[in-house]
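Working notes, beginning with the structure itself.
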Amino acid sequence: MSNYQPLDKSKHQELKIKPIHPCVLAKEKGVIPIGLRETVTACAEYPVVFVKDDSTGQFRLVVLVGLRPNQSLFYSSDGWLGKHIPKSARSSPIALTQIASDEHSLIVCVDTDSKMLSKVDGRSLFDDNGAQSDFLNELIADAEDLYADHQLVKPFCDLLLEQNLLSPFSLNVEAEDGSNLELKGLYSIDEAKLNQLDKDMLIKLRDQGALPFVYAMLFSMARIDSLLKRYNEQSR
Amino acid sequence: MKKSSDKINSIVIVGGGSAGWITACILAKKFDCSDQANRLQITVVESPDIPIVGVGEGTWPTMRRTLEAIGVSENDFIRNCQATFKQGTQFFDWKNNSQNSRYFNLFSSIFDPSDFNLAPYWMMSGAKEGLSYADAVSAQGYACENFLAPKRITSKAFEAHQSYAYHLDAGRFSEFLKDHAIKNLGVNLTLANVVDAQTCEEGYLTAVVTREGSNISGDFFIDCTGFKSLLIGEKLGVNFNELGDILPNDRAVTMQVPYQDPNQEIACVTKSTAREAGWIWDIGLQTRRGVGYVYSSSFLTDDQAEQTLRSYVGLEADNLSARVIPMKVGRREKFWHKNCLAIGLSAAFIEPLEASAIFLIEAAANMVSDIFPASRSAMSLSADMFNQSFDFRWTRTIDFIKMHYVLSQRSDTDYWLAARELSGIPDSLQAKLDLWEQRPISKYDFSDINEPFPFESYQYVLYGMGRVPKDLPATMYTKANMANERFQQVKRARELICDGLPKHRELINQVCQFGFQSI
Ligand SMILES: Cc1cc2nc3c(=O)[nH]c(=O)nc-3n(C[C@H](O)[C@H](O)[C@H](O)COP(=O)(O)OP(=O)(O)OC[C@H]3O[C@@H](n4cnc5c(N)ncnc54)[C@H](O)[C@@H]3O)c2cc1C
């Protein structure tokens, strides 16, 4: 579990961060949320789809890293087996959160339950004078980037829904070992509907900068075969 | 050559309660009135002074289809109408007046009984071990007992894991539909009090006359004026046939009971509790419950009824006011006469047990939209068809409601004894009951497409009340193995389904905050 607390110099001055496996968060996750711009890199390696969040029903953009619920074909104790490590899978105890009362201000938080925290070894968050270390600044910049990229997902998704371009699908493949691999509740771009879209709508998608991501998602469907290949190799 | 006035170009709906606005929405959507080029105009005339009846909070699953068809979002509907989910009705103390007499009439069973009827096998096995019919065939009773919702926030709008209808706030519902009809469906609204109507020589209505001075003319008129029946009754004089000798309940006393705690569980069924001279409904909305005692004034005074209702609610009733609503129980001899059609309370009303009124409004609006005559010359054929259909639907509705009383073994008051007196039981009902003493209910008992209540509802009520045929010849029911397998599957399905379902209150909160997706 995690326990995010606002980062506070007086409370957290002595905290250090141990170098640790960069994808420890992603151990038993079959899907990993990504931001919109990340789609462009992620689509080369993983199927990029939408799934619904269990507790809000809202769409999340994710990469599939397995072919069964909670199965990861990329996690290993030696490290991530893919080239692109989804940003939200890279563990960092630093995250940004919205203040409930004001959706425009963000605060920097630290996960005080994170196994990466230590008072003895690792790199310091604050320097001896109590100022933010360069290391902390880097972590904050990463967190900001992650946050901003995730914020782009909703408008993109709303646009697709408005144009009726998303369709639900289930993934159902048979592996070499005879097992039936199934994932339900996935949503992706409906290519047929995209091809029928009238000109004005297409221009709207282009002007809003959505087209590259639409095509990235479409192309990424070919990665389902790569997942299956990986599964077959791992289960041989 | 036909005169141009023969064509039907304008519809005037008088009355802005649930009936008026449901009808306006269904017709406007069907005839695409938001399209400027469309020549068919729909106008609703609503009195700014006469309030709507303001009750009618229970619906049937047909409402899902209706809302989807008229193009409203389920999220908006739930947020604006205080709406909650309804998975059926739970009856208390109807069988007899002992403490443990309760049963469910649910909206969905795991297996479709018209495909393979489990009822006889339940009678020969489960029933003997005390398993209720509802639990033998459905997971919904269990869900209701545990305040579970019928779906999850990840389900799409209007889609159900388990079939459901809604509970809603009647006042807000009319406002919500009104808004949608005017903004999105191209319906016109006139606020005025209708005092009279004009007719032509052949007795067709030509215009309604308002107190405010203007006449509103039209080619087709729909009377949705509630118990008043301004057009079909007062103006056109179509007879009203009372039904008090079959269903004696003619009054209701109602109360709105706010939840004490905003996190209080919300019941996912309508509760119906039998009392000395009638029954009490109890419906959970988002911030309050709506409760009401429906009773017969021949057996109970208003004060007595209010006292009973207050004691049912308990301490929470102390500072709340109660409202008495007189009910006109009966039906018009005809619902469609000349160019005037009555929908809603103006057409017919029987006591609200099993919430039949709103779904018959939906059915009436759907039917008229489908057989709508393009010209006056086609009017009388459509009218005949409609009248026949709704004569049948009301007859069956009366039978079904009356059945609840006939099956009761309560004998604690004169009211309950009178409810079973033979003279008040329609022959059509008695014939069925006699048949069902001999054999299980069959899907062939309900082969008419206009049948208002489904086969399953009769099973739930009859078997919930403990009425099963005396002996079933085992030689006729030879698929016991298959049945047992299905009973096991129902049990497993119950665990599987109910495991993943959120609490009713939790789902309502999620819908209010996030909402269902449309896919
Ligand atoms: C106690 C009780 C409980 C009920 N419970 C249920 C239930 O659980 N489920 C269910 O399906 N149904 C229920 N019903 C029935 C349901 O309430 C009605 O069928 C439904 O509300 C439709 O009412 P209506 O629109 O016909 O009439 P009303 O709501 O009475 O509306 C009449 C409209 O006509 C207008 N009007 C009247 N006179 C004039 C005039 N002269 N000029 C202009 N306008 C005029 C009024 O302003 C109003 O807008 C219940 C009814 C009662 C009495």
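Restricting attention to region B:158-181, the residues that are outside any loop (DSSP other than H, G, I, E, B) and surrounded by fewer than 17 Cβ atoms within 10 Å (Cβ to Cβ) add up to 3. Has region B:66-74 got at least one residue that is open to solvent by less than 60 Å² (accessible area, probe 1.4 Å), more than 15 Å from the ligand (Cβ to nearest atom), charged (D, E, K, R) and within 14 Å of chain A (Cβ to nearest Cβ)? Yes, region B:66-74 has at least one match. If I filter region B:182-201 down to residues being over 18 Å from B:Ser10 (Cβ atoms) and either in a loop (DSSP other than H, G, I, E, B) or more than 14 Å from the ligand (Cβ to nearest atom) (or both), which single residue comes out as most open to solvent (accessible area, probe 1.4 Å)? Among those that are over 18 Å from B:Ser10 (Cβ atoms) and either in a loop (DSSP other than H, G, I, E, B) or more than 14 Å from the ligand (Cβ to nearest atom) (or both), it is B:Glu201.
Selection of region B:486-515 for residues being outside any helix (DSSP H, G or I) and open to solvent by less than 60 Å² (accessible area, probe 1.4 Å) yields B:Gly500, B:Leu501, B:Pro502, B:Gly515. Within region A:195-219, residues that are within 25 Å of A:Leu64 (Cα to Cα) and open to solvent by 100 Å² or more (accessible area, probe 1.4 Å) have Cβ atoms under 9 Å from residues that are among the small types (Gly, Ala, Ser) and part of a loop (DSSP other than H, G, I, E, B) in these pairs: A:Phe219/A:Ala44, counting only partners at least 6 apart in sequence or on another chain. Based on what the data block shows, is B:Gly141 open to solvent by less than 10 Å² (accessible area, probe 1.4 Å) and either touching a residue at least 12 places away in the same chain (Cβ under 8 Å) or within 21 Å of the chain's Cα centre (by Cα) (or both)? Criteria met by B:Gly141.
Only one of these is more than 12 Å from the ligand (Cβ to nearest atom), outside any strand (DSSP E or B) and either within 14 Å of another protein chain (Cβ to nearest Cβ) or surrounded by 21 or more Cβ atoms within 10 Å (Cβ to Cβ) (or both): B:Val368, B:Val313. Name it. Sole residue among the options that is more than 12 Å from the ligand (Cβ to nearest atom), outside any strand (DSSP E or B) and either within 14 Å of another protein chain (Cβ to nearest Cβ) or surrounded by 21 or more Cβ atoms within 10 Å (Cβ to Cβ) (or both): B:Val368. Within region B:216-237, the only residue that satisfies the criterion of being farther than 24 Å from B:Glu333 by Cβ and away from the ligand (no atom under 13 Å from the Cβ) is B:Ser217. Does A:Ser77 fit the bill of being assigned to a loop (DSSP other than H, G, I, E, B) and open to solvent by less than 70 Å² (accessible area, probe 1.4 Å)? The answer is no for A:Ser77.
Scanning region B:78-133 for residues that are surrounded by 19 or more Cβ atoms within 10 Å (Cβ to Cβ) and part of a loop (DSSP other than H, G, I, E, B) yields a total of 15. If we scan region A:86-94, do we find a residue that is more than 14 Å from chain B (Cβ to nearest Cβ), open to solvent by 40 Å² or more (accessible area, probe 1.4 Å) and touching a Pro at 6+ places or on another chain (Cβ under 7 Å)? Checking region A:86-94: at least one residue is more than 14 Å from chain B (Cβ to nearest Cβ), open to solvent by 40 Å² or more (accessible area, probe 1.4 Å) and touching a Pro at 6+ places or on another chain (Cβ under 7 Å). With respect to being open to solvent by less than 40 Å² (accessible area, probe 1.4 Å), more than 11 Å from the ligand (Cβ to nearest atom) and either more than 16 Å from B:Glu242 (Cα to Cα) or not in a helix (DSSP H, G or I) (or both), B:Leu341 fits the description.
The values are calculated or read from the model by the stated rules, or taken from the named source; none is laboratory data. Here the structure is a predicted model, which is why all the values come from computation and not from measurement. In this analysis, Cβ positions are derived from the backbone assuming ideal geometry, glycine residues included, and neighbour counts consider all displayed protein chains. Remember, those area values only see protein heavy atoms, side chains included, never the ligands or the DNA or RNA. Shrake-Rupley method; radii C 1.70, N 1.55, O 1.52, S 1.80 Å.
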